[in-house]
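Where a number appears in this text, it was derived from the coordinates with a stated rule and is not lab data. From a predicted model like this one, the values you see are computed outputs, not experimental measurements. Neighbour counts run over all protein chains shown; Cβ positions are idealised from the backbone, glycine included.
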Amino acid sequence: MDSRLYRDINQLAVHTPWAHSFMKAFAVYGVGLFAMLVIAAWWYARRSAEPCRPVAASLWTAIAVVAAVGVNQVIGRAVHRGRPYATLHGVEVLVSRTHDFSFPSDHAVTAGAAAAGLWVIAHYGGRATRRIAVTGTVLALLVGFSRVYVGAHYPGDVVAGLLFGAAVTTLGWLLVNRPLTTLVESVSRRPGLRLLIATGRPANSAATS
């Protein structure tokens, strides 16, 4: 099933050469967009009426992405699944071939962890952060699809990566929610660091002043 779906998407890549440049670039560098999305979510979150929790969620999202990719290295070495182009013949490969593991996809883990974190931030951060979370979800799915499109991963590698990354962020937040928020509240009382935590003026205060 996984191999058949991989070949179907691979055939799509063969017949859509006009999309190759974009998909190759996105498959390799698309995950970098999530750093900008997390920063943007933090920027808007710090303007919310109660900014400490969404700011803590922003901090956790950055930590969770690194943690998820680190744990994924261990999982990948344990499963040791070969890349599809190493086991299947006659496939189109649009990126440089590597010899590392295929399952789960590091790119998908990164995207899944970041997208889930954006939703955690959005839960506390208001409308602007929700729009960013929607954007992050779309980009995460596109990153996953692009990794299969360019021939680097099986669809199962991507689905597992997205789900694993999201699980690390979501379950981890349940554990670190209170202590990390307490830390952010403590830092917010320091005058020199307050700008990183809150503007001191909620985003909706302008309408009532």
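At-a-glance table
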read-out	value
Alpha carbon convex hull of the chain, volume per residue in cubic angstrom	130 Å³
The chain: angle of helix 20-29 to the longest principal axis, Cα-based, in degrees nearest 10	50 degrees
Exposed trypsin sites (Lys or Arg not before Pro) absent: longest stretch of the chain, with sites in DSSP loops and at most 11 other Cβ within 10 Å deemed exposed	1-96
Extended-chain gain in nm, criterion 0.36 nm per residue less alpha-carbon gap, residue 131 and residue 75	16.9 nm
Rounded to 10°, Cα long-axis angle of helix 127-149 versus longest principal axis of the chain	10 degrees
Estimated vicinal HN-Hα couplings, Hz - the range 100-105 in sequence order (Karplus 6.51, -1.76, 1.60; Gly, Pro = x)	7, 5, 9, 10, x, 6
Helix-only CD estimate at 222 nm, as mean residue ellipticity for the chain, using -39500 (n - 2.57) per DSSP H run (n ≥ 4)	-24000 deg cm²/dmol
The chain: relative contact order in percent, alpha carbon pairs under 8 Å with at least 6 residues between	33 percent
Check: the range 2-198 dipole with +1 on Lys, Arg Cβ and -1 on Asp, Glu Cβ, in debye	580 debye
Full-stretch length increase - residue 8, residue 138 - with 0.36 nm per residue and alpha-carbon distance subtracted	44.6 nm
Tilt relative to the chain, helix 155-188 - C-alpha long axis, 0 to 90 degrees, to 10	20 degrees
Label point 7 Å beyond Cα of residue 22 along Cβ direction - residues of the range 111-148 with amide nitrogen under 19 Å	135-148
